[in-house]
Amino acid sequence: MTETLNLKPGQIKGTSGIWEMVIGLEIHAQISSKSKLFSGASASFGSDANSSVSLVDAAMPGMLPVINKFCVEQAVKTGLALNAKINNISVFDRKNYFYADLPQGYQISQFTKPIVGEGEIIIDLDSENQTVVGIERLHLEQDAGKSLHDQHPTKSFIDLNRTGVALMEIVSKPDIRSPQEAGAYVKKIRSILRYIGACDGNMEEGSLRADCNVSVRRPGDEFGTRCEIKNLNSIRFIIQAIQSEAERQVDIIESGGKINQETRLFDTSTGETRSMRSKEDAHDYRYFPDPDLLPLEFSNEWVAEIKETLPELPDSLKKRLIKDFGITPYDASVLVEEKEYTDFYIKAANGVDGKLTANWMITELFGALKKENLTLENSPVSPENLGKLVGLISKGIISGKIAKDVFSEMMISKKSPAEIVREKGLEQVSDDKEILKLIDKVILENQEKVKDYLGGKDKLFGFFVGQVMKLSQGKANPGLVNKLLKENLK
Amino acid sequence: MSDFLKLDLLGASIALKNKEISSVELTNAYINAIEKTSSLGAYLDVQADYALEMANRSDKKIQQGTAGPLEGIPIGVKDMFCTKNIKTTASSKILENFYPTYESTVTQNLWNDGAVMLGKLSCDEFAMGSSNETAAKGNVINPWSKTNPMSPGGSSGGSAAAVAARSALAATGTDTGGSIRQPAAFCGITGLKPTYGRCSRWGIVAFSSSLDQAGPLTRTVSDAALMLNSMAGYDVKDSTSANISMPDLMTYLDNSIKGKKIGIPKEYTQDGISQDIMKFYESSINWLKDSGAEIVPVSLPHTKYALPVYYIIAPAEASSNLARYDGVRYGARNEAATLDEMYELTRGNGFGDEVKRRIMIGTYVLSSGYYDAYYLKAQKVRRLIKEDFENVFKNVDYLLTPSTPTTAFELGQKQDPLTMYLNDIFTVPASLAGVPGISIPVGLDSSGLPVGVQLIANSFDEPGLINVARTLEKCADFNLIPDGAAK
Amino acid sequence: MSSIKSIVDIPTVNKIARLARLEILEKNKQNLTNDLNNILEFVAQLNEVDTSNVEPLASVTGHKLPLRNDEVTDGNIGELVLQNAPETSSGFFVVPKVIE
Ligand SMILES: [Mg+2]
Ligand SMILES: [Zn+2]
């Protein structure tokens, strides 16, 4: 047990020693387009089965694909945001396989010549540590339809509403070493996509899904055989699935077995992965360039035009927040996770202590919103009021402890903190005379303890502070209480 | 009645516009002719009532002076074109009950210009064949047949037979490796394959997407020009469609070809070609020379590799294009307990032998370990073939070649797939290069079967191609009607 | 790389037929195998051609891929989409049960 405490994240202690995970992610991000990648049917669904379907999506004989310009732009934008190489010529290939929700019998994807090549992103692991994850490529492809298997004992039902919706597949290099890193990576990608508006990042609705390639090895060894866990739609599941899959692989290898390269599903009820039966067949996708489409070509000028439209991205914003507000890199990384967070923070921290504002926003506000199931968008506490609250603390008008009560009241009444403080008489007492009165009372009532303290029991100092604060109903200025107590306990 | 059938498309069009005849009369004559020639098996589906309804509408338009260029002209449609609410099967069992809810761009263009739809014409299954023998509904018989029934060629065999038998004034076809030009040659009519991208592929059942091209089968070159005028056009629904406008071909028909350079490729006259065909080929060369053209011997060195390239690329694309016929959304289905079994039975039963053979070849050449050796290699040689044409068109304006190595053969004679594939030896190179080609009849061989020659032009030079073809047509003056034609 | 040499046997035919989801009757397998070998032998002529500096050609069209604007112009034609289907139920296509 003590040994496990020394394990780094992503390491597993087996019976034969320490193992390390090697993880690569394929993220499928649904592009926030109005229509599908190759057809004019609506890309938003939720409506009746087979309603957002064109004859092209249903792969009727003689139907042909025509590509959506917006989707191409979003892929280029994302590539730029991932610091990746944009390929001015890319090719659409057909990936051939049979499945009920794949009407054409092939998926139009990009194989040898994707629209975006290598890039990299920086991810924050905790307050101190960052790591770089390489991007292998980004390509455009069609989503498949949906099969419902639980409607009938011997039949499956097919809905093609999702068929042909535009996806960007973002493939990482196998640079990820722990489930936590994987989680942070997905968060970072999601954040970038939302910043630039390429994808809404909604994981519950499937707008962002990840396939996780997991293998284990002795630290520093060659890569082991990997398994691919398909279609994970929450960061929590990604973390769980990787951990349990890596442990499964260690168990197999240590008991003398070999890992089969295969596709697996994560069972959310057991927290374990299992082999996918429908994918048992040896795969041979027979990729070849789609003869219904020509190579996708665009100029450097067009890429430059798209670059102009990019908003400030998380990494740059983060640097700006650290520089302008003096906050820690970790706090900054949390605050740039979503564009709305950053906007809120910049408003709140305007003219007040940036560090304190970050603390309050990340710990108190986010905590309270989560508890109430609210988002920042409909937060009862406005950025201005959060800033004012921080101002009251900084100026010593209220103590941090009182501030928490004021904040709770703000969550309910939406009132400004000054108003609440005024109404409830919560102003901090910073008057020497008032506090000295309380100190005298405490010393008088605790003669024994004063003796002990003066006799060397230094620890008792905290007790006196506590008593004075209690007498003041928390309103006494703690700094002042400290100072005056030290002067008077002699 | 017979007078109606004597009119070619251009003649009928003039007679209609001059109100000498009505479209209803003309259409009735053709419905009659279809009945009389039904033993040829050219039609899979006759739309007599619908045709008369359209003819009626055309007559009104002619009366009102709002007639389109093809107003009232009864034509047949190859069953590869999806026709709205009219059964479309691609001559395959797997689509035996498919009623498209949409109309192909090319046929829509024809109806917009006033053409009248007689019905759907047989072809090789999914256009895969050179004899029309792979059609699920049985053979089509060449109206030029003597004692034994002969093949009309393929895959547009029904289209060629119907036009030759006077049971359609013109027909649409599709050409992937020669499927318009070869049957036109076998049936003694004109068949034009336009430049790849000239006609939209939208709504045409796909065989090999990088090669498929629609075109007309007609009695004369002028008729082909009239048909292509209507069929061609840029279509935003087809990403491979060319946004290059085509001038009115009719205005090019009778230009002089004086000084035009006609290339005679040496690779097209080697072994296996029949004596009679060589004789007419030589006459054709002389006719063009007499018309003022300059004859230039040329070489397209990679010609012999065109068929091997074609028999990799076309099946590869087909294996993927035909994956959608899976019994889920349309077409025939064989019930089974599991999805995979359903797929295998449906496709095993629904496709005929030749289609299965090509799906197998196509799947094989794309499969892991073989892709580079077959598919990629074929794509590279395809570039060399295309470059052959680009090079030769730097020096000459047109190429003249035989259309086929032999004239029509008896049905059932060529059992071996490879022997069958050799039929397309002269038509496949232009398909691979994407350039336009036309086959026109120039005479009868010693057995009384039509001989065709092919003219090939550079990409998008259909006007010039039509001009030279018309010149040659006038010289050859071929105007014989087969015994099997409606009278 | 590009030396074409392959002999198809019945197990290969089975494998390819499986990939292509084609039922091939047992009695036809030998003939099909022979046909495939003949065709593959025929296309092997391409080995004679030196293509070491040749780029593969996928399309003969000289133009660029056209891009369409992102507008909803299609869909809501459920009836037409389902009209030719062998089996449907409440707006869905129906197939034999798929086990994942
Ligand atoms: Mg994947
Ligand atoms: Zn993907």
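Observations on the structure shown:
- With both labels modelled 7 Å from their Cα along Cα-to-Cβ, the B:Asp254 to A:Asn129 distance reads 8.9 nm.
- Other-chain or far-sequence residues with amide H under 5 Å of A:Gln130's (modelled H): A:Leu125
- Our estimate of slack between A:Glu254 and A:Thr154, defined as 0.36 nm per intervening residue step minus the Cα-Cα distance, is 31.9 nm.
- Global geometry of region A:90-163, whether rounded, prolate or oblate, following the gyration tensor of its Cα atoms and the 1.5 cut on a/c: oblate
- With a Förster radius of 41 Å applied to the C-beta separation of A:Asp432 and A:Asn231, the computed FRET efficiency comes to 0.05.
- Sites matching GluC sites (Glu not before Pro) across region B:75-161 that sit in DSSP coil, with at most 16 neighbouring C-beta atoms within 10 Å: B:Glu96
- Between region A:281-345 and region B:7-53, the Cα center-to-center distance that results, in Å: 63 Å
- Region C:23-100: C-alpha gyration tensor shape, a/c 1.5 cut-off, then a/b vs b/c: oblate
- Compared with the dominant principal axis of the Cα atoms in chain C, helix C:29-43 is inclined by about 70°.
- Cα gyration tensor, region A:432-489 - rounded (a/c under 1.5), prolate or oblate: prolate
- Legend: distances between Cα atoms for A:Lys319/A:Lys371; A:Lys34/A:Lys69; B:Lys304/C:Lys15; pairs beyond 22 Å are A:Lys319/A:Lys371; B:Lys304/C:Lys15.
- Of all complete DSSP H helices in chain A, those with a Cα span along the helix axis of 24 Å or greater and a mean Kyte-Doolittle hydropathy of 0.0 or more are A:235-254.
- Spatial separation of Cα centroids for region A:127-194 and region A:435-490, in angstrom: 59 Å
- Residue-wise HN-Hα coupling along region B:288-305, computed from phi with Karplus coefficients 6.51, -1.76, 1.60 (Hz; x: Gly, Pro): 5, 4, 4, 7, x, 7, 9, 8, 10, x, 9, 9, 10, x, 9, 3, 5, 8
- Fully extending the segment from B:Asn395 to B:Gln64, taken as 0.36 nm per residue of separation minus the present Cα-Cα distance, adds 114.2 nm.
- Spin-label pair B:Asn32-A:Ser316: with each label point 7 Å from Cα along the Cα-Cβ axis, the two points sit 8.0 nm from one another.
- Sum of -39500 (n - 2.57) over DSSP H runs of 4+, divided by residues of chain B (222 nm, nearest 500): -11000 deg cm²/dmol
- Placing a label point 7 Å from the Cα of A:Lys173 along the Cα-to-Cβ direction, the residues of region A:63-96 whose backbone N falls under 19 Å from that point are A:79-87.
- Using just its DSSP H runs of length 4 or more, each adding -39500 (n - 2.57), chain C gives a mean residue ellipticity at 222 nm of -9000 deg cm²/dmol after division by all residues.
- Across region C:7-20, rounded Karplus estimates of 3J(HN,Hα) from the backbone phi angles (6.51 cos²θ - 1.76 cosθ + 1.60, θ = phi - 60°) give 10, 7, 10, 4, x, 5, 4, 4, 5, 5, 4, 5, 4, 8 Hz, Gly and Pro being marked x.
- A:Arg218-B:Asn349 FRET efficiency (beta carbon distance; Förster radius 41 Å; 0.05 resolution): 0.15
- Along chain A, counting only GluC sites (Glu not before Pro) with a DSSP assignment other than H, G, I, E or B and at most 10 other Cβ atoms inside a 10 Å radius, the longest segment between sites is A:281-490.
- Region B:389-476: Rg to Rh, with Rh as the Kirkwood radius over Cα pairs: 1.02
- Qualifying trypsin sites (Lys or Arg not before Pro) in region C:2-53, where qualification requires a DSSP coil assignment and no more than 10 other C-beta atoms within 10 Å, comprise C:Lys5.
- 3J(HN,Hα) along region B:51-64, derived from phi through the Karplus expression 6.51 cos²θ - 1.76 cosθ + 1.60 where θ = phi - 60°, amounts to 4, 5, 4, 5, 4, 4, 4, 4, 4, 4, 5, 5, 4, 7 Hz, with x in place of Gly and Pro.
- Globularity ratio of the protein assembly as shown, using Cα Rg and 2.2 N^0.38 Å: 1.21
- Sparse-neighbourhood loop sites, trypsin sites (Lys or Arg not before Pro) in region B:253-330 - DSSP loop, at most 11 other Cβ within 10 angstrom: B:Lys258
- With each label modelled as a point 7 angstrom along the Cα→C-beta vector, the A:Leu7-B:Asn56 pair spans 8.3 nm.
- Mean residue ellipticity at 222 nm, helices only, chain A: -11000 deg cm²/dmol; runs of at least 4 DSSP H residues each add -39,500 (n - 2.57), and the sum is divided by the number of residues.
- Calculated Rg and Dmax of chain A using C-alpha coordinates, Å: 29.1, 98
- Each part gets one Cα centre, and for region C:30-50 versus region B:463-487 those centres are 38 Å apart.
- If the chain linking B:Ser245 and B:Ser299 were pulled fully straight, counting 0.36 nm for each residue of separation and taking away their Cα-Cα distance, it would gain 16.4 nm.
- Charged-residue dipole, Cβ positions (Lys, Arg, Asp, Glu), region B:322-374 about Cα centre, Debye nearest 20: 200 debye
- Net dipole in debye of the protein assembly as shown [+1 Lys, Arg Cβ; -1 Asp, Glu Cβ; about Cα centre; nearest 20]: 1660 debye
- In summary, the lysines within cross-link reach of B:Lys414, defined as a Cα separation below 20 angstrom excluding same-chain residues under 8 places away, comprise B:Lys137, B:Lys146, B:Lys356.
Since every read-out is calculated from the coordinates, none of them should be taken as a lab result. Quantities reported herein were computed from a predicted structural model and do not represent experimental measurements. All Cβ positions, even for glycine, are placed from backbone atoms using ideal geometry, and neighbour counts span all protein chains on display.
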